[in-house]
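So the structure is just underneath, and the comments pick up after that.
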Amino acid sequence: MKQAHYYIDRRKFLKLSSAFTGGMFLSSFNLIGKGKTIRVGLVTDSHYADAEAKGTRYYRESLDKMREFVEVMNDEKVDFVMHLGDFKDQDVNQREEDTLKFLQDIESVYAQFKGPRYHCLGNHDVDSIRKEQFLSNTENTGIAKDKSYYSFDQKGMHFIVLDANYHEDGRDHFYKDGVDWTNTNIPETELEWLKADLESNSLPTVVFCHHPLFEYFHGKSQMHVNNYERVKAILEESGKVMAVFQGHVHEERFECQKGIHYVTQLAMVDGSGLKNSSFSILEIDKKGINLLGFKKASGHKMKRAKHSKN
């Protein structure tokens, strides 16, 4: 295995030892089966664009960082890879044709992963191109091209991908029209779909969303989804959701609320050089979840939680 060019910083490996109540999740999690481990490559906020660096964001370098991520995930033979959003960006001219080229270039690198690959939609993914353009130029393996939120199963686990790039009334966001980037929502149709999807399966579940689904402020800026409380209530009521993984905030946070772990990830785009990249491998088995951090990313251990619907 080629490891000279990347590493896991195990000194930053953390343990979570919170106590939980209830018993529903314990029995459902056993459905994963004896000896099975699911391994997922996680990356977020690559913001690729053929554009000059701005602040901590080295847009052009995300192409090489993504190549390394894909190489590592192929070496590690993970079951699938998930990008948590803000896959690409735009340059100062905000031309549709240029932005599409940035998207196609980074997708062509991501597509070198030898297995299923998936995307969450981030706010920068719908800046100078529309949602349908992003979806038609990317692949979510086995998912219809018109679906920005969807679910799939893998090795006895259920995975849900949510999209919060909507106005309150359910219209798609398009930031070139002057949308407030802090005004993100999970619309009624998606909430109904989420509840039905959770009710229709009996598997332990992990959720992915670009925007935080728990209260999160960065300074005075709201980073979380406006109606996050309604989303959380659905996740909690199901008794099946083990963890939610999010991007958007460009910083790490590990929280556990009512038996559900909420994790935000560092951004790939921040910092110059491969040494400043950031990505993880999510390992799930009967004991719980291990998050193995590569480069600047921390590790984190999440114990198996027991849910209660009370």
Open item on the list: Could you compute the net charge surrounding D89? Neighbours are other residues with a C-beta less than 10 Å from the C-beta of D89; K and R count +1, D and E count -1.
Closed with: -3
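From the mean inverse distance of alpha carbon pairs (Kirkwood) and the Cα radius of gyration, derive Rg over Rh for region 97-221.
On the way: Rg = 15.3 Å, Rh = 15.8 Å.
Rg divided by Rh gives 0.97.
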Open item on the list: Suppose a student asked you for the relative contact order of region 74-206, using Cα pairs under 8 Å spaced at least 6 residues apart; what percent would you report?
Closed with: 21
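How high is the relative contact order of region 189-309? Use alpha-carbon pairs under 8 Å, at least six apart in sequence, and give a whole percent. Before the final figure, lay out each step's value.
Working: 226 pairs, mean separation 22.0, N = 121.
Taking the mean separation of contacting Cα pairs over the length of region 189-309, I get 18 percent.
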Open item on the list: Taking 18 Å as the cut-off for C-alpha to C-alpha distance, list the pairs among K275/K296; K88/K295; K88/K176; K36/K286; K155/K195 that go past it.
Closed with: K88/K295; K155/K195
- [ ] Choose one answer from P204, P116, P212: the residue with the largest mean-square fluctuation in a GNM of the chain with alpha-carbon springs under 10 Å.
- [x] P116
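S108 to D177: extension gain in nm, 0.36 nm per residue of separation minus the Cα-Cα distance? Display every interim value, and only then the final one.
Working: separation 69, 0.36 × 69 = 24.84 nm, distance 2.81 nm.
Extra length available between S108 and D177 comes to 22.0 nm.
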Task: Calculated FRET efficiency for the pair D153/R130, C-beta based, R₀ 35 Å, to 0.05 - done: 0.70
- [ ] Quick one: among A196, A111, A164, which has the greatest mean-square fluctuation in a GNM of the chain with alpha-carbon springs under 10 angstrom?
- [x] A196
- [ ] At most 13 other Cβ atoms within 10 Å and a DSSP loop assignment: could you name the trypsin sites (Lys or Arg not before Pro) in region 151-253 that fit?
- [x] R171, K220
TODO: Heavy atoms only, probe 1.4 Å: what % of the accessible area of the chain goes to carbon and sulfur, would you let me know?
DONE: 47
Open item on the list: With n ≥ 4 as the cut-off for DSSP H runs, can you work out [θ] at 222 nm for the chain, using -39500 (n - 2.57) per run divided by the number of residues, rounded to the nearest 500?
Closed with: -6500 deg cm²/dmol
TODO: Would you give the gap between the C-alpha center of region 185-249 and the C-alpha center of region 98-162, rounded to a whole Å?
DONE: 18
Open item on the list: Pick from V43, V179, V78 the residue whose mean-square fluctuation is largest in a GNM of the chain, springs joining Cα atoms under 10 Å.
Closed with: V179
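I need the calculated FRET efficiency for the pair K286 and E229, taking r as the beta carbon distance and R₀ as 41 Å, to the nearest 0.05.
Working: r = 31 Å, r/R0 = 0.76.
With R0 = 41 Å, the Cβ-Cβ based efficiency is 0.85.
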Open item on the list: Under a crude label model (7 Å from the Cα following the beta-carbon direction), how far is K77 from E96 in nanometres?
Closed with: 4.5
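For the pair E237 and S202, what calculated FRET efficiency results from E = 1/(1 + (r/R0)^6), where r is the Cβ-Cβ distance and R0 = 25 Å, to the nearest 0.05?
Once the sixth-power term is evaluated, E becomes 0.95.
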TODO: Give the long-range amide H neighbours of H261: residues separated by 5 or more places, or on another chain, with amide H under 5 Å away, using H modelled in the peptide plane at 1.01 Å from N.
DONE: A243, V244
Open item on the list: Contact order normalised by length for the chain, with contacts defined as Cα pairs under 8 Å and 6 or more residues apart; what percent is it?
Closed with: 26
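The values are calculated or read from the model by the stated rules, or taken from the named source; none is laboratory data. In this text the structure is predicted, and so the values were computed from the model without any measurement. Methodologically, a virtual Cβ is constructed for each residue, glycine included, from the backbone with ideal geometry; neighbour enumeration extends over all protein chains shown. When the accessible area is computed, the model is the full protein with side chains, heavy atoms only, and any ligands, DNA or RNA have been set aside. Shrake-Rupley method; radii C 1.70, N 1.55, O 1.52, S 1.80 Å.
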